[in-house]
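The values are calculated or read from the model by the stated rules, or taken from the named source; none is laboratory data. This is a predicted model, so every value here is computed, not measured. Positions of Cβ are generated from backbone atoms using ideal geometry, with glycine treated the same way; all protein chains shown enter the neighbour counts. All accessible areas refer to the heavy atoms of the entire protein, side chains included, with ligands and DNA or RNA removed. Shrake-Rupley method; radii C 1.70, N 1.55, O 1.52, S 1.80 Å.
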Amino acid sequence: ALEGYEHYMQKEIAEQVDALSTCMNGRIDLAGSRVVLGGLSNYLRDLARVKRIILTGCGTAWHAGLIGEYLFEQLARIPAEVEYASEFRYRNPIIEDGTIVIAISQSGETADTLAAIEQAKDRGAPVFGLVNVVGSTIARTTDAGVYLRVGPEIGVASTKAFTAQVTVLTMLAIELGRRRHLSQSDAHGLLEDMLNLPEKIAKALKLSEEIKRIAKANIDQPNWLFLGRGLNYPVGLEGALKLKEISYIHAEGLPAAEMKHGPIALISEGMPAVFVATQSSNYDKIIGNIEEVRARGGRTIVIASEGDEQIADYADHLIKVPEVREPLQPVVNVIPLQLLAYHAAVLKDYDVDKPRNLAKSVTVE
Ligand code: M6R
């Protein structure tokens, strides 16, 4: 079933081109500038009127949820926050009328996420699922939902499920936005760009050899930072988690501007700092953050937009990715980070698909 690939993770990274096409297939009505999510069609009218959205999940699904939080706020102007399922389940959360919960899970079997769903249901909130595995427990216990449609994900490190989770959240934010304040032309532009995502991912996948060289040059460094602002902050968190779980390298993801509140003290000569710095409204700000790290001897690995001619001056290693509209950029930007973790783990000769101490689906607390 490896179909010529050496590892499932490698195969699943490459599969993202087709998996995202399948995920979006029939769900984007470009002519009407609308999104059609069959599983939610009976609920969308009510969803567009909700007062608050709580997203919940664990690990990578939580990172997708954080992107969802930013997008619901930005595109649909609905207050949203993401909660770790493991925390949410044991809190005494305030869930008022008009709050809905979205549970995100590849496997649909994660114990903490299931318990968070029960907690929300007990308090009367409608719960929707974003799940990959058809007929899984979470798919069955939620009121309705959207399947990711990316096919089986075997590697413990979640890759194609993450980009599909983000894709579905983006589609949902655009549709809710359309029913609220988002203009038809803005929605149209975003949806048009979404349909181009598979092609942009295919382009980003070509960076693999270049990223392998970067991994090799820095493989002996025991501590890495992953920094971004805005939507690139959750992308950094995801990059750090990938590196930790399969290469056993200590990595930390942070909002870039938090560095000066403590973590910058960690920077020592040659410490890799991966900046996710594609074009965005806070591009100038992140350039400042890159300079601060460099001035202290950090080795900067910068992910930037293809057209960016000035950033080379700030990067020890530069990775250029195709550009899409800012709200969609996370799906492209995470590709080099998935590849970085993959190559690091292979270089270290670790079991990429079955990292130590981890299970694919965490069905115990
Ligand atoms: O199956 P789920 O999406 O509910 O799993 C959640 C996490 O356990 C999962 O994303 C985990 O963090 C991955 N191993 C990360 O690559």
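With respect to the conditions (1) in contact with a helix residue (DSSP H, G or I) (Cβ under 8 Å, 6 or more places away or on another chain); (2) more than 20 Å from R213 (Cα to Cα); (3) in contact (Cβ under 8 Å) with a residue 60 or more places away in the chain, H317 falls short on a single one, namely (2). For the stretch 107-146, a residue qualifies if it is open to solvent by 50 Å² or more (accessible area, probe 1.4 Å) and either within 13 Å of the ligand (Cβ to nearest atom) or at positive phi (or both), and the qualifying residues are E109, G124, V133.
Which of (1) away from the ligand (no atom under 16 Å from the Cβ); (2) in contact with a Ser or Thr (Cβ under 6 Å, 6 or more places away or on another chain); (3) part of a loop (DSSP other than H, G, I, E, B) does L182 not meet, given it meets every other one? Of the numbered conditions (1) away from the ligand (no atom under 16 Å from the Cβ); (2) in contact with a Ser or Thr (Cβ under 6 Å, 6 or more places away or on another chain); (3) part of a loop (DSSP other than H, G, I, E, B), the odd one out for L182 is (2). At least 2 residues being more than 16 Å from the ligand (Cβ to nearest atom) is the threshold, and among the helices (runs of 4 or more DSSP H) wholly inside the stretch 1-78 those reaching it are 16-24, 44-47, 59-71.
Considered as a group, the residues in the stretch 273-288 that are open to solvent by less than 10 Å² (accessible area, probe 1.4 Å) and not β-branched (V, I, T) include one that is farthest from G307 (Cα to Cα), and that residue is A273. Condition check for A217 on (1) open to solvent by 20 Å² or more (accessible area, probe 1.4 Å); (2) among the hydrophobic types (A, V, I, L, M, F, W, C); (3) in a loop (DSSP other than H, G, I, E, B): one failure, at (3).
The rows are residues; the columns are (1) closer than 30 Å to E81 by Cβ; (2) touching a Pro at 6+ places or on another chain (Cβ under 6 Å).
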position: L190; (1), (2): yes, no
position: K203; (1), (2): no, yes
position: S208; (1), (2): no, no
position: G230; (1), (2): yes, no
position: L241; (1), (2): yes, no
position: Y248; (1), (2): no, no
position: A251; (1), (2): yes, no
